[in-house]
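Enquirer: Here it is, the structure, as structure tokens.
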Amino acid sequence: MLRIACPYCGLRDEVEFRFGGPAHVARPGFEVDDATWADYLFVRENPAGLNFERWCHAYGCGSWFNLVRNTLTHEILLAYRMDSPKPALRT
Amino acid sequence: MRRGPFRIPAGGTLDRSRTVRFKFDARPYSGFAGDTLASALLGNAVRRVARSFKYHRPRGVFSSGIEEPNALLQLHRGARSIASERATMVELKEGLEAYPQSGWPSVRWDAARVFDLTAPLWAAGFYNKAFIWPSWHVYESLVRRMAGLGRAPDGADPDYYDVRNLHCDVLVVGGGVAGISAGIAAGGAGARVLLVEQQSALGGQCAWDGAAIAGRSALSWLDTAVERLRQLPDVKVLTRTMAVGHYDHGVVSLVQRGDDGAEAPRETLYVVRTGKLILATGAIEQPLVFCNNDRPGIMLAGAAREYVRRYAVAPGRQVLVATNNNSAYATARDLKDAGVEVIGIADSRADPSAELDLDLRSLGIPVFSGFIPIDTAGFGGLRAVTIGKLSQDGLAVASRKEFACDALAVSGGWNPTLHLHSQGGGNLVYSELTGALEAAAVRSTTVGLVGSAAGINRIDEVVRHAGATAAALAATTASTGAVATGLQEPAQKTLTGAVASFGLRISPVGNTARKWVDLLHDVTVADLELAVRENFVSVEHVKRLTTAGMAADQGKTSTVLTLENIARLRGLRPADLGHTTFRPPFTPVTLGSIAAGDVGEYFAPRRHLPTHAWHAQRGAVFQDFGEWLRPVAYLRGAESRAQAATRETHAVRAAAGVFDGSPLGKIEVHGPDALEFLNKFYINDLSTLKPQRVRYVMMLRESGAIFDDGTVVMLAPDHFLVTTTSGQAARVTEWLEEWHQCEWPQLNVAIVPITDQWATFSLTGPRAREILATFETNIDLSNSAFPHSCLRVGHLAGIAARVYRVSFSGELTYEINVASTHAQTFMDALMSIGICPEIAPFGLDALLAMRLEKGFLHIGTDTDGTTVPDDVGWGAVAARKQQDFIGRRSLVLPENLRADRLQMVGLASLKDEDLQPGSHVRLPDSVEATDGWVTSAARGTLDGRPIGLAMLRAGRRRLGTELSVHDMGRVTAARVVALPFFDSTGARMNA
């Protein structure tokens, strides 16, 4: 079980949260072609290493936020608010 | 009752003044307070306690600890019974009843020994190649009876279990000398410490092995140390507690055994969150491998020593010791000092005297240098051992000696107990020096190894190193600080515990099918040879084919030997093979400890309607709908559920009924940007909404699939009421929040879920208005003032209410929302209206039948994860909307525009047989395996005809077509008909 530091509530158990997929995914406009839209719907990066992802503190404050997790070691490097810019980390 | 000749008259740490009576295999015995079940059985000369898993060979107690692979016994009878308890870990208590788990007619004489005599038939993986002809089911019941160990309890568990959460700065696992030293140092540094010990008291080995620490007796040191722990302000000690799992981020699970019989949970699971972890988990002795190395009377040398010194039990009358390292010499010496006849020590090293720091002659025990056991004899238990002199290269035996003996104490070296380290991601590496899997670099700066788990065995060094390691860890923060290392100490010349040098531990001669590697799963070296021969080369594959290391002991006395044998067979070094993965739990964990109090009525949360008791009084049959307990029908007299539903629909269509729709999802959306925000979610253009006009709306996922339906009504430009399906109330609220927080945070809205705060009652039927009009109210109920698809806010009989005119049943309906706290008051007022006929409560069966007749969509039943609006007739609404909404782009993907997509249609059965949801349908000219399926079905409420809804390939073009309907091999027929089946003009609803 992970321990996740919600930016608003502090360090809490993983079971209080819900995973929300990758972070910083830009939603395309209506005018994009079918292939680009299908990429947005279905295609995701799957890095072995640092991953930027969204989480929701579903059984706590209900806030959405982003964090950076190492998919190999589960080490969580950073949790930051949804309105913060994507941090520049060496991946 | 026999006390047995193996109990030594003096010595040990037992309380001989307290006799404890127990039974094994229905025979009475006695032992002493402080005995384990294993030591008491040995003390009573009970040698055969089990039969092996596959070959049903007799087995005896092999060890004195958690690694026990033979003496797995069933304890208690009835509902409290538990299988596969290791006798070495069971504290002897008055009245304990233990039973062997295999052996028919008895564990002493077992008919299934025939499997041993036909052993070649049952080699590794035999079941993959057998039981095929004529069919597995011919053999299944016999195999199920013979396989397995132990029996499940035959009743509901009467005990209770608990789960608790703990937090600490430093968790020390192990309460021996190393663990206690670490606990004192960490606690002294001001850390919050939790120390856990699997036995009932602290001390570990030093409580009985007669060692000296810092110049005084270990017992004296122990007293002082335990007192120091008690004085430290923030040190908590848990005994009878095993650490079973090490997870990410310092989460460790512990299981504590209750003191059997006391008023306490039988077991308690602790979930600990710790900053630092110190493993003082010791080491486990490994056996030697030779022919017939599994007979009763053969046991680990360290265990033999513990039985003598701690329990005053001799392993036999005439004991031979066989070893490849120094530690067994202490066993030989202690046995002799206790008056047991020690025949000799067979040491596989050519010149052990150079390694030991004592004069062999002063022992008074013959030492056979360069000898290794090569065979044993004794059908029911050990009678004789043959040892062989190893040739120079260790590949053959030059000469042999045979000894009559009834006990053989074996030592093949010590393996540090590093399961928790490995579970937490730490790497293990095979060491040629010690023949052990040792810690490689520690992964994090938060785990430390001390004591023999770190390869440190000299006791004064253990104390010093454990203290220093713990102090260093406690002083650092998680992201910095020194890394506590693994193996630190070079080879030592010492008598007790240390592995100075390491000789051969696998006999080079004899039938490999009789050399056991995994005692619990009855796996021999021949099985490993078979696996390698059949090209299962990775350790993970060999493990799974042979099941070596997969039993309840998880290979604690076999993993390393298995690794060495595979390496030898493949011509590789063990270090190059890697090792199998260690996974929690470290020792078996009961389901009771995991479930704790969440059983029976408390398994899942239950949500009751605000007027639950009222429904129950009227004969409601309740069913679980997503945690809500909802009435499906109300039974009167001897009605069946189906009869009740039919009566209810007639009552509603004829006069009036009331339905409790309180679980209906209700959300308020406030704010200046509320309209713009909500408009992004629905296929409907909300910008044309007029105040208090209710719009039926549909919401999609980004893939275009229908997510939910419901209603939206505007109370004010900055105040909207949203309803959802009952099952999705929480999910839609979360969906709105997700998009607001992540995608459109600039929109000024507040999302307030109010599902639980408002109760909802649908007053339904042609006389609904007449009934409602008897209430004292400020709402004009006439059809012109309050038409269908409108909302009115006011009061009914003094209760504030929001009243919708929406209908799921197709009848005139007033959906009345009142505060949940006023729900019962409102219901009482409604039902006390003294007009004829009575208002019939109706449940979900009746409602779903009525809505089906009207062709009204039921999300999740008539739709699935691929259904888009056009499939259910809402394509034009979505296409008309100009503004962006979630899923809009997907609706113009080629897949969602295909002409032959499944579309919702009505079906009328051509026979007087119910249609079955899930049945597949086929068009008469079809070339496909299926053209769709029936999604829901009912009987027409007034004419009783069987009808249904279905998704049919290009269904809207197939009106009037006759279909074949296929249900689990039965074929019937139905015709595609127009929807709705009933009241096509909607006159009843709009009345």
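Enquirer: Please name all residue pairs, on different chains or six or more residues apart, with Cβ atoms under 7 Å, provided the first residue is in segment A:57-86 and is facing another protein chain (nearest Cβ under 8 Å) and surrounded by fewer than 19 Cβ atoms within 10 Å (Cβ to Cβ) and the second residue is part of a strand (DSSP E or B) and of a type in the set (S, T, N, Q).
Expert: Close Cβ pairs satisfying both conditions: A:Met82/A:Asn66.
Enquirer: What strands (runs of 3 or more DSSP E) lie completely within segment B:682-758 and have 2 or more residues being in contact with a Leu (Cβ under 8 Å, 6 or more places away or on another chain)?
Expert: In segment B:682-758, B:694-700, B:706-716, B:719-724 are the strands (runs of 3 or more DSSP E) which contain 2 or more residues that are in contact with a Leu (Cβ under 8 Å, 6 or more places away or on another chain).
Enquirer: For residues that are away from chain A (no Cβ under 11 Å) and of a type outside the set (A, V, I, L, M, F, W, C), scanning just segment B:885-900, find the one that is farthest from A:Glu31 (Cα to Cα).
Expert: So, considering only residues that are away from chain A (no Cβ under 11 Å) and of a type outside the set (A, V, I, L, M, F, W, C), the one farthest from A:Glu31 (Cα to Cα) is B:Asp900.
Enquirer: Now a separate question. Please go through segment B:555-574 and give me each residue that is polar (S, T, N, Q) and touching a helix residue (DSSP H, G or I) at 6+ places or on another chain (Cβ under 8 Å), ordered by number.
Expert: Within segment B:555-574, B:Thr562, B:Asn565 meet the criteria.
Enquirer: I've got another one for you. Among (1) at pLDDT below 95; (2) of a type outside the set (Asp, Glu); (3) closer than 30 Å to B:Phe32 by Cβ, which single condition is B:Arg383 missing?
Expert: In the conditions (1) at pLDDT below 95; (2) of a type outside the set (Asp, Glu); (3) closer than 30 Å to B:Phe32 by Cβ, B:Arg383 misses (1) alone.
The rows are residues; the columns are (1) under 20 Å from B:Gly710 (Cβ atoms); (2) in contact (Cβ under 8 Å) with a residue 12 or more places away in the chain.
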position: B:Trp739; (1), (2): yes, yes
position: B:Pro766; (1), (2): no, yes
position: B:Ser784; (1), (2): no, no
position: B:Val793; (1), (2): yes, yes
position: B:Ala800; (1), (2): no, yes
position: B:Ala840; (1), (2): no, yes
position: B:Gly843; (1), (2): no, yes
position: B:Ala846; (1), (2): no, yes
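Enquirer: Are there any pairs, at least 6 apart or on different chains, whose C-beta atoms fall under 6 Å, with the first in segment B:207-229 and closer than 13 Å to B:Thr13 by Cβ and the second not in a helix (DSSP H, G or I), and if so, which?
Expert: Within 6 Å, the pairs are B:Trp208/B:Thr13; B:Ala218/B:Ala211; B:Leu222/B:Gly203.
Enquirer: Where residues in segment B:571-598 are in contact (Cβ under 8 Å) with a residue 24 or more places away in the chain and exposed (fewer than 15 other Cβ atoms within 10 Å of the Cβ), which of them is nearest to B:Ile839 (Cα to Cα)?
Expert: B:Gly597
Enquirer: A further question on this structure: Are any of the residues in segment A:44-52 buried (at least 16 other Cβ atoms within 10 Å of the Cβ), within 8 Å of chain B (Cβ to nearest Cβ) and either among the aromatic types (Phe, Trp, Tyr) or at negative phi (or both)?
Expert: Looking through segment A:44-52, none of the residues is buried (at least 16 other Cβ atoms within 10 Å of the Cβ), within 8 Å of chain B (Cβ to nearest Cβ) and either among the aromatic types (Phe, Trp, Tyr) or at negative phi (or both).
Enquirer: Looking at segment B:256-373, what helices (runs of 4 or more DSSP H) fall wholly within it and have at least 1 residues that are among the small types (Gly, Ala, Ser) and surrounded by 24 or more Cβ atoms within 10 Å (Cβ to Cβ)?
Expert: It comes to B:301-311, B:328-337.
Enquirer: A further question follows. Take A:Tyr40 and decide whether it is facing chain B (nearest Cβ under 10 Å), surrounded by 12 or more Cβ atoms within 10 Å (Cβ to Cβ) and not β-branched (Val, Ile, Thr).
Expert: Answer is yes for this residue.
Enquirer: Let me ask something else. Kindly check whether there is at least one residue in segment B:681-691 that is crowded, with 20+ Cβ neighbours inside 10 Å and under 22 Å from B:Ala849 (Cα atoms).
Expert: For segment B:681-691, residues crowded, with 20+ Cβ neighbours inside 10 Å and under 22 Å from B:Ala849 (Cα atoms): absent.
Enquirer: Please work out which one of (1) surrounded by 17 or more Cβ atoms within 10 Å (Cβ to Cβ); (2) more than 14 Å from chain A (Cβ to nearest Cβ); (3) farther than 19 Å from B:Ile298 by Cβ; (4) not charged (D, E, K, R) is the condition B:Gln423 fails and give its number.
Expert: Failed condition: (2).
Enquirer: Name the one entry in B:Gln882, B:Gln824, B:Gln903 that is touching a residue at least 24 places away in the same chain (Cβ under 8 Å) and within 14 Å of chain A (Cβ to nearest Cβ).
Expert: B:Gln882 is the lone residue from the list that is touching a residue at least 24 places away in the same chain (Cβ under 8 Å) and within 14 Å of chain A (Cβ to nearest Cβ).
Enquirer: Could you grab me the full set of residues in segment B:374-396 that are part of a strand (DSSP E or B), of a type in the set (Ser, Thr, Tyr) and over 46 Å from the mean Cα position of the chain (by Cα)?
Expert: B:Thr386
Enquirer: Oh, and also: Can you tell me which residue among B:Gly704, B:Gly671, B:Gly710 is within 47 Å of the chain's Cα centre (by Cα), within 14 Å of chain A (Cβ to nearest Cβ) and touching a residue at least 12 places away in the same chain (Cβ under 8 Å)?
Expert: B:Gly704
Enquirer: Are any residues in segment A:10-24 free of Cβ contacts under 8 Å to residues at least 60 places away in the same chain and surrounded by 14 or more Cβ atoms within 10 Å (Cβ to Cβ), and if so, which ones?
Expert: Scanning segment A:10-24 gives A:Arg12, A:Asp13, A:Glu14, A:Glu16, A:Phe17, A:Arg18, A:Gly20, A:Pro22.
Enquirer: Moving on to the next point. Can you give me the ranges of the strands (runs of 3 or more DSSP E) entirely in segment B:56-105 with at least 1 residues that are under 27 Å from the mean Cα position of the chain (by Cα)?
Expert: B:72-75, B:82-86
Enquirer: Got a number for residues in segment B:714-745 being within 46 Å of the chain's Cα centre (by Cα), surrounded by 19 or more Cβ atoms within 10 Å (Cβ to Cβ) and among the aliphatic types (A, V, I, L, M)?
Expert: Residues meeting the conditions: 5.
Enquirer: Moving to a separate point now. Name every residue in segment B:265-290 that is of a type in the set (A, V, I, L, M) and more than 19 Å from the chain's Cα centre (by Cα), in order of residue number.
Expert: B:Leu277, B:Ile278, B:Leu279, B:Ala280, B:Ala283, B:Ile284, B:Leu288, B:Val289
Enquirer: Separate question: Being part of a helix (DSSP H, G or I) and either more than 21 Å from B:Thr547 (Cα to Cα) or not aromatic (Phe, Trp, Tyr) (or both) is the filter here; which residues of segment B:106-135 pass it?
Expert: Passing the criteria: B:Ala111, B:Ala112, B:Arg113, B:Val114, B:Asp116, B:Leu117, B:Ala119, B:Pro120, B:Leu121, B:Asn128, B:Lys129.
Enquirer: So, B:Ala829, is that one touching a residue at least 40 places away in the same chain (Cβ under 8 Å), surrounded by fewer than 19 Cβ atoms within 10 Å (Cβ to Cβ) and either in a loop (DSSP other than H, G, I, E, B) or of a type in the set (Gly, Ala, Ser) (or both) or not?
Expert: yes
The values are calculated or read from the model by the stated rules, or taken from the named source; none is laboratory data. It should be emphasised that the depicted structure is a prediction, and the values quoted were computed from it without experimental measurement. No Cβ is skipped: glycine too gets one built from the backbone with ideal geometry, and neighbour counts run over all protein chains shown.
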